[in-house]
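All remarks here apply to the structure that follows.
The values are calculated or read from the model by the stated rules, or taken from the named source; none is laboratory data. Everything numeric in this text was worked out from a predicted model, so none of it was measured. Cβ coordinates were reconstructed from backbone atoms using ideal geometry, including for glycine residues, and neighbour counts include every protein chain displayed.
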Amino acid sequence: MVQAVIVRQRVADLTRTSYGRLLAVLAAPTRDITAAEDALADAIERALARWPDEGIPANPEGWILTVARNRLRDLWKSSAHRLTGPLDETQHAPVALDDDTSPIPDRRLELMLVCAHPAIAENVRTPLMLQTVLGVEAAAIADAFMVQRATMAQRLVRAKRRIRTAGIPFVLPERANLAERLPAVLEAVYGAYAIDWQASEAPIDSLSAEAMHLSLVVAELLPDEPEALGLAALMCLSESRRPARRSADGAFVPLGEQDPARWDRALIERGETMLRRAHQFGAPGRFQYEAAIQSAHCARAVTGRVDGHALQKLHRALLRTAPSLGAAVASAAVHGEVDGPEAGLRALGAITDPAVERFQPAWSTRAHLLAAAGRTEEAVAAYRRAIDLAPHPSVAEYLLRRMRSAHG
């Protein structure tokens with residue numbers, strides 16, 4: 001029983017950290033992502049069944065990859081797959097479990113670029129990357145994109161079928177084609193990081209870590225792409241504050257109340273270095289502006305304060321470059337800090353997106369600004385709405401404390 005529990009935990013950890021790498025390697029020869037997913041699922045089931053008795057192998061990733069490859073070989077040899085055309089039997093010959101001990105190559109970037117191919121519908125490129133490369137469940141993706149779960153599932157199935165039928169190769173595209181696909185790749189990495197924080201009360205550390213790792217891989221492979229560098233900088237600067245986001249008793253701590261001494265200085269310096277490199281190209285973009293905003297906040301660790309006017313300028317630049325509801329609300333919040341709560345409320349009221357009425361950060365911002373303006377009754381009402389929409393209990397508890405403080 002104890003061994004079975006240990007195996008389940010080890011397989012769960014391996015699935016979280018290695019799923020995308022294994023899937024990319026399995027799918028590359030045939031471009032059949034669905035078949036690779038099925039083979040990988042079968043190999044994981046066999047590991048759960050056999051490892052409690054046989055013991056966890058020295059190279060568990062290699063074991064699972066080998067079992068999955070042999071499962072695919074059997075599938076390719078079936079009569080159903082012969083109808084689609086024969087494959088090279090020498091390349092896909094069965095492999096003994098003890099033979100596959102070499103390091104597994106990381107082909108996730110190629111898989112992401114396959115998902116971003118022009119032949120794939122634009123509205124499914126990022127969701128497809130999130131599922132295949134980072135292992136995010138289709139339901140979580142649908143919720144994040146505010147799409148019906150059945151609709152998202154159908155889109156993902158069609159996209160995978162398109163990759164196989166179009167024969168899209170798992171290779172790095174030519175430079176001219178790379179620029180066309182890169183934005184979707186960066187968006188997927190960024191989306192994985194955001195979904196991590198939306199997914200549960202306790203963030204999925206491995207998903208954030210994988211998103212940051214992929215951002216660094218892309219920045220290393222494309223060192224002259226300023227937005228790739230900007231995303232990597234954004235990831236490092238944001239992740240540097242993870243230790244301070246919760247108090248010792250697990251309570252939510254907003255950015256303005258965090259203790260900078262708990263921030264990871266090494267990650268901050270790494271992010272700053274990448275941001276400086278991106279700035280040298282003189283081609284600012286969304287992720288560079290977002291990274292610069294995080295850099296302005298991180299400056300509090302050195303100067304003890306945040307330059308509100310610089311932050312205000314950066315938010316305005318972000319809104320011009322990549323307008324979004326989140327950016328507009330954040331800009332209004334900074335506006336309120338610099339020019340006073342009434343100015344912030346006017347900026348918030350100027351947002352025309354109808355989704356603002358259901359956007360929790362907008363209600364939190366409105367409540368804080370109303371409380372700062374001394375409009376207590378309105379602030380309490382806004383806090384109640386923000387609490388109803390809060391994504392996590394810890395956030396709701398923080399807002400409840402603020403509401404009680406505002407009410408006196």
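Observations
- Qualifying residue in segment 342-350 (condition: of a type in the set (Asp, Glu) and more than 26 Å from PRO260 (Cα to Cα)): yes
- Condition check for GLU272: in contact (Cβ under 8 Å) with a residue 12 or more places away in the chain, over 25 Å from HIS368 (Cα atoms) and among the acidic types (Asp, Glu): yes
- Top-ranked residue in segment 248-278 [being touching an Asp or Glu at 6+ places or on another chain (Cβ under 9 Å) and assigned to a loop (DSSP other than H, G, I, E, B); ranked as farthest from SER215 (Cα to Cα)]: ALA251
- If you go through segment 248-266 and keep only what is of a type outside the set (Val, Ile, Thr), closer than 19 Å to PRO391 by Cβ and surrounded by 15 or more Cβ atoms within 10 Å (Cβ to Cβ), you end up with PHE252, GLN258.
- Selection count where residues are within 27 Å of ASP259 (Cα to Cα) and either in contact (Cβ under 8 Å) with a residue 40 or more places away in the chain or surrounded by fewer than 16 Cβ atoms within 10 Å (Cβ to Cβ) (or both), scope segment 317-337: 1
- Among the conditions (1) at pLDDT 85 or above; (2) more than 29 Å from ALA283 (Cβ to Cβ); (3) in a helix (DSSP H, G or I), the only one that MET129 does not satisfy is (2).
- Put simply, of ARG316, ARG305, ARG277 the only residue that is at pLDDT below 95 and charged (D, E, K, R) is ARG305.
- From HIS392, HIS368, residue being under 19 Å from VAL253 (Cβ atoms) and in contact with an Asp or Glu (Cβ under 9 Å, 6 or more places away or on another chain): HIS392
- Each residue in segment 1-57 was checked for being assigned to a loop (DSSP other than H, G, I, E, B) and among the hydrophobic types (A, V, I, L, M, F, W, C), and 3 pass.
- Residue list for segment 269-288, filter: among the charged types (D, E, K, R) and surrounded by fewer than 15 Cβ atoms within 10 Å (Cβ to Cβ): GLU269, ARG276
- When LEU255, LEU267, LEU237, LEU314 are checked against the criterion of being touching a Phe, Trp or Tyr at 6+ places or on another chain (Cβ under 8 Å), farther than 30 Å from GLU174 by Cα and in contact (Cβ under 8 Å) with a residue 24 or more places away in the chain, LEU314 stands alone in meeting it.
- Of the set (1) touching a Gly at 6+ places or on another chain (Cβ under 6 Å); (2) surrounded by fewer than 19 Cβ atoms within 10 Å (Cβ to Cβ), all apply to ALA291 but (2).
- Flag for ALA278 being under 21 Å from GLU225 (Cβ atoms), in contact (Cβ under 8 Å) with a residue 60 or more places away in the chain and of a type outside the set (Lys, Arg): no
- Residue in segment 373-395 that is in a helix (DSSP H, G or I), among the hydroxyl-bearing types (Ser, Thr, Tyr) and out of contact with any helix residue (DSSP H, G or I) (no Cβ under 8 Å at 6 or more places or on another chain) present: yes
- Test: LEU134 is assigned to a helix (DSSP H, G or I) and within 23 Å of the chain's Cα centre (by Cα): no
- So ILE268, is it at pLDDT below 85, of a type in the set (A, V, I, L, M, F, W, C) and not assigned by TED's automatic domain parsing to the domain that holds SER18: no
- Filter pass, GLU110 being closer than 21 Å to GLU220 by Cα and either among the small types (Gly, Ala, Ser) or at pLDDT 85 or above (or both): yes
- Options ARG358, ARG366, ARG401, ARG346: the member that is farther than 25 Å from GLU290 by Cβ and either charged (D, E, K, R) or modelled with pLDDT of 95 or more (or both): ARG401
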